[in-house]
Amino acid sequence: MDFVFFYETFITLISAIPTTLQLAATSVALGTVLALGLALCRLSGIAPLDWFARAYIFVFRGTPLLVQIFLIYYGLSQFRGVRRSMFWFILRDPYWCAIIALMLCTAAYSAEIIRGGLLSVPHGQVEAGRACGMSRFLVFRRIVMPLAIRQSLPAYSNEIISMVKATSLASIITIMEVTGVAAKLISETYRAIEVFIVAGAIYLAINFLLTRIVVLIEYRLSPHLRQAPSLQPVAAGEMK
Amino acid sequence: MTQPSFLDLIGSGPDGWGPALAAGAMMTILIALAGYAIGMVFGALGAWAKIAGGPVARGIAGTYTTVLRGIPDLLVIYLFYFGGSTVISAFGHLFGASGFISFPGFLAGALAVGVTSGAQQTEVFRGAYKAVHAGELEAAIACGMPPFLRFRRIIAPLTLRYALPGMGNVWQIVLKESALVSITGVVELLRQSQIGAGSTGRPFDFYFIAAMIYLAISTLSGALLQFSEKRFTRGVRRG
């Protein structure tokens, strides 16, 4: 065992962790907003919106993420109009292309998770809110949304973890995140197994921390499932 | 010179890449099938270890599923592709060969896809086994079936029935994961599209058609899976 090599690999790879986290955080955050929009389209009952969301989800879930990344990064540059447009400074940058592709892809998966969460809100709760005189928006903001978030958190943590894993594909379009740096190290040193162990440990640590955080949030959001704190028994005579 | 139209590009004419793309699609399906088969083996072994294994076997299976589900597939492909080459070269040196011997990309890709999907398959099989009613096993024991017959006649068919939806999901994941094998240089659908994009300067057209072919494969296999699910649960009363 060459511990010096392990240590050096670890130090090199650590410097790439922020890129991985940035990619994952940005695309998940943007993707969630898009996913909420798609989920609302699916539930809107307006046929064109529903069909658009269905088609979107079908296409993005049915094709490999790598193809989507290539389509955005290499594909769009084929069109002169894109190269001359004001968005070109974003679309020629591999970093933003990776984020756009990851965002579009995660939105398709998360939309179904969010839709499931929204559907799981009991109808009575909505009726109760309406009966209290809340507007539709207020019902959504105060009743439906919080309940849906709590319901879909476990599935959502899976999606976040698969996004952290998916950021590795950004290395194929030259972004030096953890996998990119690891691939570079492997091709420089030909010590694939050692580099793999270190890089794998880093991903495992990130994902382990993320799952812990989500479990913690879930715990905070579901006090109704916990046993009520036991009250100290008070003898009848001591009651004032 | 006029640019060939999109249809010329994907057709089988002089400018056409149709046959090449079709061959690439076949390769994609082959990689996915090989990876899926390997994953089934790993999944069955993993589920067996988790259900019936001792503490050591359970520990190994638990580590396997946790690790393989927590790290990116791309990293696993790199490991098999470059690590496999390193190991083979080392073996080659033992037998007097010199220089660098590269590991076949197809094998590396199929193994990597198989090992990662095996981790998911383990959980699918384990969950399906749990769904088999204890009464059915007791009935088999009561009939005096020896363990292997019990497995062949009762456990395996029932587990497979419950596992089918999950196995379908894993297949879809494997199919999409096979695109990553293109980095090893295996000329599957995505690699073929890259080659086409490079030599015609029409990346969008090629990646678009690649995406459509992937979509077609996953839709068709999805329909097939749904059909088989219907067939294998025809003995189950619904509702």
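In percent, how large is the relative contact order of chain B, given Cα pairs closer than 8 Å and 6 or more residues apart?
25
In debye to the nearest 20, how big a dipole does chain B give about its Cα centre with +1 on each Lys and Arg Cβ and -1 on each Asp and Glu Cβ?
1120
How large is the convex hull of the C-alpha atoms of the range B:28-186 per residue, in Å³? Can you show the working numbers first?
On the way: hull volume 21.2 nm³, N = 159.
Cα convex hull per residue, to the nearest whole number: 133 Å³.
Hydropathy at least 0.0 by Kyte-Doolittle, axial extent at least 30 angstrom from the Cα trace: which helices of chain A, defined as entire DSSP H runs, fit?
Counting only whole DSSP H runs, the qualifying helices are A:17-43, A:94-119, A:192-221.
Based on the alpha carbon coordinates of the protein assembly as shown, what radius of gyration and maximum Cα-Cα distance (Dmax) apply, in Å?
According to the Cα coordinates of the protein assembly as shown, Rg and Dmax are 25.6, 103 Å.
So for the pair A:HIS123, A:ILE14, with labels modelled 7 Å out along Cα→Cβ, what separation do we get in nm?
5.7
Taking the Cα centre of the range B:53-176 as origin and charging only Cβ (+1 Lys, Arg; -1 Asp, Glu), how large is the dipole, in debye to the nearest 20? Could you put the intermediate results ahead of the total?
Numbers: 9 positive and 4 negative charges, 51 e Å.
Its charge dipole is roughly 240 debye.
Among A:LEU210, A:GLY117, A:ALA128, which residue has its Cα furthest toward the positive end of the charge dipole of the range A:84-240, with +1 on Lys/Arg Cβ and -1 on Asp/Glu Cβ?
A:ALA128
Determine the shielding of peptide A:201-212 by partner chains: average, over its residues, the number of Cβ atoms on other chains within 10 angstrom of each Cβ.
So the per-residue partner count for this stretch is 2.
The range A:31-186: D in µm²/s via Stokes-Einstein (Kirkwood Rh, Cα pairs, 10 °C, 1.306 mPa s)? Provide the component values of the computation, followed by the final result.
Numbers: Rh = 17.6 Å.
For these conditions, the coefficient is 90 µm²/s.
Take peptide B:86-97, look around each residue's Cβ out to 10 angstrom, count Cβ atoms belonging to other protein chains, and average those counts.
1
Can you show me the helix-derived [θ] at 222 nm for the protein assembly as shown, built from DSSP H runs with n ≥ 4 at -39,500 (n - 2.57) apiece and divided by the number of residues, rounded to the nearest 500.
Rounded to the nearest 500, it is -24000 deg cm²/dmol.
Counting Lys and Arg as +1 and Asp and Glu as -1, each charge on the Cβ, what is the dipole of the range A:3-222 about the Cα centre in debye, to the nearest 20?
It comes to approximately 700 debye.
For the range B:1-135, with the dipole built from +1 on Lys and Arg beta-carbon atoms and -1 on Asp and Glu ones, taken about the Cα centre, which of B:MET27, B:PHE42, B:PHE95 lies farthest toward the positive end?
B:PHE42
Please compute, for peptide B:201-214, the average count of beta-carbon atoms on other protein chains lying within 10 Å of each residue's beta-carbon.
On the way: counts 1, 2, 8, 10, 2, 5, 13, 4, 0, 7, 10, 4, 2, 5.
Counting Cβ atoms of other protein chains within 10 Å of each residue's Cβ and averaging gives 5.
Could you work out the relative contact order of chain A, using alpha carbon pairs under 8 angstrom and six or more residues apart, expressed as a whole percent?
27
Taking the Cα atoms only, what angle lies between the long axis of helix B:189-200 and the longest principal axis of chain B, rounded to 10 degrees?
10
List the relative contact order of the range A:144-240 as a percent without decimals, with contacts defined as Cα pairs under 8 Å and 6+ residues apart. Could the numbers behind the result be given before it?
On the way: 37 pairs, mean separation 31.5, N = 97.
So the answer I get is 33 percent.
How large is log10 of I(q)/I(0) for the range A:108-183 at q = 0.17, 0.24, 0.25 Å⁻¹ when the intensity is taken from the Debye formula with one equal scatterer per alpha-carbon?
Normalising to I(0) and taking log10 leaves -0.70, -0.99, -1.03.
Once the convex hull of the alpha carbons of the range B:92-239 is built, what does its volume come to per residue, in cubic angstrom?
Working: hull volume 23.1 nm³, N = 148.
Given the Cα convex hull of the range B:92-239, per-residue volume reads 156 Å³.
Given the C-alpha centroids of the range A:109-142 and the range A:150-208, what is the distance between them in whole angstrom?
Going from one Cα centre to the other spans 36 Å.
No lab work stands behind these numbers, since they all come straight from the coordinates. Everything numeric in this text was worked out from a predicted model, so none of it was measured. Here the Cβ is made from the backbone with ideal geometry for all residues, glycine too, and neighbour counts use every protein chain on show.
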